[in-house]
Amino acid sequence: GREWTEVGSLAEGLEGRTVLVRGRAQTVRAVSKKMAFLIVREKGFTVQCVLSVSPDVVSLGMVKFTTGLSRESYVDVEGTVSVPNSPIKGASQQVEIQVRKVYCISKAVPALPINIEDAARSELEIDKALQAGEQLVRVNQDTRLNFRVLDLRTPSNQGIFRVQCQVENIFRQFLLSEGFVGIHTPKLIAGSSEGGSAVFRLDYKGQPACLAQSPQLHKQMAICGDFGRVFEVGPVFRAEDSFTHRHLCEFTGLDVEMEIKEHYSEVMDIVDRLFVELFDRLNERCQKELEAIGKQYPFEPLKYLRKTLRLTFQEGVQLLKEAGIEIDPLGDLNTESERKLGQLVLEKYGTEFYILHHYPLAVRPFYTMPCSDDPTYSNSFDVFIRGEEIISGAQRVHLPDFLATRAEACGIDVKTISTYVDSFRYGAPPHGGFGVGLERVVMLFCALNNIRKTSLFPRDPLRIAP
Ligand code: 4AD
């Protein structure tokens with residue numbers, strides 16, 4: 001009998017077995033009229049299929065048909081698994097298929113805007129190939145994104161989005177095991193949820209409305225609804241004109257909100273355990289994927305401690321100062337000082353993942369709880385991977401009148417958030433939480449240089465298609 005087999009699972013143990021694989025014709029090379037090599041790719045894995053004319057099995061016509069297949073056409077190949085004498089170059093699997101039958105089930109147009117093999121090469125490989133006088137096109141990011149369905153076929157992209165799926169999965173599993181309830185908050189809301197103006201405005205049946213900039217208000221209201229501990233995985237919309245390597249107009253937010261019994265460090269404890277678990281599990285479960293990503297975009301595994309380092313904002317300022325960098329002790333970090341601090345922390349503490357807490361109140365959103373002993377500061381924190389922010393979190397103001405005062409002080413029209421503020425008039429526990437950017441976590445875990453690489457179909461100020 002013949003068995004459907006995934007290309008990625010073809011291995012020596014299957015020697016002699018008849019298999020049926022479905023994938024794309026990545027390349028076809030005719031050696032003679034009687035012999036050809038077909039590389040079939042499935043989900044980023046490739047196998048060499050050998051067609052060799054033999055009576056009653058493989059005809060001249062079949063070899064001709066196969067060599068005429070356009071790249072990226074979908075094919076079914078039936079044949080026997082064999083182990084070659086020498087290592088196979090140009091395919092991920094180290095066994096071959098001695099072909100008996102090839103069927104084309106969907107033809108790709110002959111002229112493709114992206115050559116997948118070129119798109120899958122690392123910068124180093126491209127430089128070498130160009131030096132060796134090879135003809136190849138460096139595939140730029142816009143071309144990749146314009147023809148994303150082709151670009152997604154590279155082994156690194158296959159890895160990136162499988163890792164992303166695991167990040168979400170591990171996040172969910174961990175929080176469920178800690179008694180959190182998964183919720184879904186509305187994305188159509190009446191006013192801005194983070195203050196500021198970077199919202200997509202829309203008309204909601206004649207009323208002004210906007211797309212939610214975060215689940216912030218409603219996840220807190222879920223705490224008022226007695227769920228105790230909640231989390232959400234959902235879309236977040238930001239209209240800011242940020243043309244950077246780490247801002248999108250739509251991204252996936254991983255959000256957490258929880259009651260606090262005594263101190264906002266309880267929220268940081270969750271961050272600590274959640275992320276150590278996340279990094280451990282990714283390294284354990286996603287070896288193949290991380291390897292595929294690293295082949296095209298080489299990176300060092302993330303350095304993190306079993307117990308996450310916590311520094312206060314002031315300690316961060318001090319570290320920078322000692323390194324000759326003066327920043328406003330009541331201001332915020334910018335991209336450059338974040339990076340620099342990341343380097344200093346790595347040198348001093350040996351970790352690329354840490355929490356910075358006790359931020360100046362002035363640089364935090366209106367809903368942030370000031371420190372009880374010094375209201376210049378706040379019960380808030382940011383979390384960094386490789387010197388870039390992936391999380392911001394805080395204890396929230398749960399006292400309605402004070403919340404209204406804080407909103408006013410931050411220039412927010414309280415009328416636009418009155419139902420939120422009023423939620424705390426019916427009794428509310430101290431609480432806090434945090435928001436994580438999914439695309440940023442994947443980008444920084446794998447040390448990728450652009451968030452567009454970790455968004456399936458990225459939305460930025462210039463791109464809304466495909
Ligand atoms: O720092 P942000 O804006 O915080 C909030 O939305 C709060 N409501 C979170 C909380 O619970 N206190 O966003 C949280 C995270 C950032 O740390 C970053 O990882 C990511 O979301 N993020 C973005 N990712 C991609 N593109 C953007 N434009 C992003 N803006 C924030």
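The values are calculated or read from the model by the stated rules, or taken from the named source; none is laboratory data. What you see is a predicted model, and the numbers here were worked out from it, not measured in a lab. Every residue, glycine among them, receives a Cβ derived from its backbone with ideal geometry; neighbour counts consider all protein chains shown. Side chains included, ligands, DNA and RNA excluded: accessible areas come from the protein's heavy atoms. Shrake-Rupley method; radii C 1.70, N 1.55, O 1.52, S 1.80 Å.
Restricting to segment 41-69, and then to whatever is without any contact (Cβ under 8 Å) to a residue 40 or more places away in the chain and in a strand (DSSP E or B), can you tell me which residue is farthest from Thr5 (Cα to Cα)? Restricting to residues being without any contact (Cβ under 8 Å) to a residue 40 or more places away in the chain and in a strand (DSSP E or B), the top hit is Ser54. For Ile293, state whether it is within 16 Å of the ligand (Cβ to nearest atom), of a type outside the set (Phe, Trp, Tyr) and either over 15 Å from the mean Cα position of the chain (by Cα) or under 29 Å from Asp118 (Cβ atoms) (or both). So Ile293 does not fit the description; no.
Residues of segment 437-466 that are buried (at least 22 other Cβ atoms within 10 Å of the Cβ) and either among the acidic types (Asp, Glu) or in a loop (DSSP other than H, G, I, E, B) (or both): Glu439, Cys446, Ser455.
Summed over segment 187-220, residues that are open to solvent by 10 Å² or more (accessible area, probe 1.4 Å), hydroxyl-bearing (Ser, Thr, Tyr) and near the ligand (Cβ under 9 Å from one of its atoms) total 1. Here Ala198 fulfils each of the conditions (1) aliphatic (A, V, I, L, M); (2) within 28 Å of Met443 (Cβ to Cβ); (3) touching a Leu at 6+ places or on another chain (Cβ under 6 Å) apart from (3).
Residue count for segment 448-466, restricted to those that are hydrophobic (A, V, I, L, M, F, W, C) and within 11 Å of the chain's Cα centre (by Cα): 3. From the list Val95, Val58, Val63, the one residue that fits, being out of contact with any Phe, Trp or Tyr (no Cβ under 6 Å at 6 or more places or on another chain) and either under 24 Å from Gly159 (Cβ atoms) or surrounded by fewer than 19 Cβ atoms within 10 Å (Cβ to Cβ) (or both), is Val95. In segment 122-150, the residues that are within 20 Å of Leu448 (Cβ to Cβ) reach residues that are open to solvent by 70 Å² or more (accessible area, probe 1.4 Å) and hydrophobic (A, V, I, L, M, F, W, C) with C-beta atoms within less than 7 angstrom, at least six apart or across chains, in these pairs: Arg148/Phe457.
Among the residues that make up segment 253-274, is at least one of them part of a loop (DSSP other than H, G, I, E, B), within 30 Å of Pro186 (Cα to Cα) and open to solvent by less than 50 Å² (accessible area, probe 1.4 Å)? There is at least one residue in segment 253-274 that is part of a loop (DSSP other than H, G, I, E, B), within 30 Å of Pro186 (Cα to Cα) and open to solvent by less than 50 Å² (accessible area, probe 1.4 Å).
Go through segment 400-436 and count every residue that is within 12 Å of the ligand (Cβ to nearest atom) and open to solvent by less than 10 Å² (accessible area, probe 1.4 Å). Even if it seems obvious, please write down each step before you answer.
Taking segment 400-436 first, the residues within 12 Å of the ligand (Cβ to nearest atom) are 431-436.
Retained after the next criterion (residues that are open to solvent by less than 10 Å² (accessible area, probe 1.4 Å)): 431-434, 436.
The qualifying residues number 5.
Contact annotation: residue pairs with Cβ atoms under 7 Å, 6 or more positions apart or on different chains, pairing a residue in segment 207-220 that is basic (Lys, Arg) with a partner that is within 13 Å of the ligand (Cβ to nearest atom), are Lys219/Thr185; Lys219/Val230; Lys219/Glu232; Lys219/Asp255; Lys219/Glu257; Lys219/Gly433.
The combined condition, being touching a residue at least 24 places away in the same chain (Cβ under 8 Å), assigned to a loop (DSSP other than H, G, I, E, B) and surrounded by fewer than 20 Cβ atoms within 10 Å (Cβ to Cβ), is not fulfilled by Asp374. In segment 237-251, which residue that is over 14 Å from the mean Cα position of the chain (by Cα) and under 18 Å from Leu188 (Cβ atoms) is nearest to the ligand (Cβ to nearest atom)? Per the stated criteria, the residue is Arg238.
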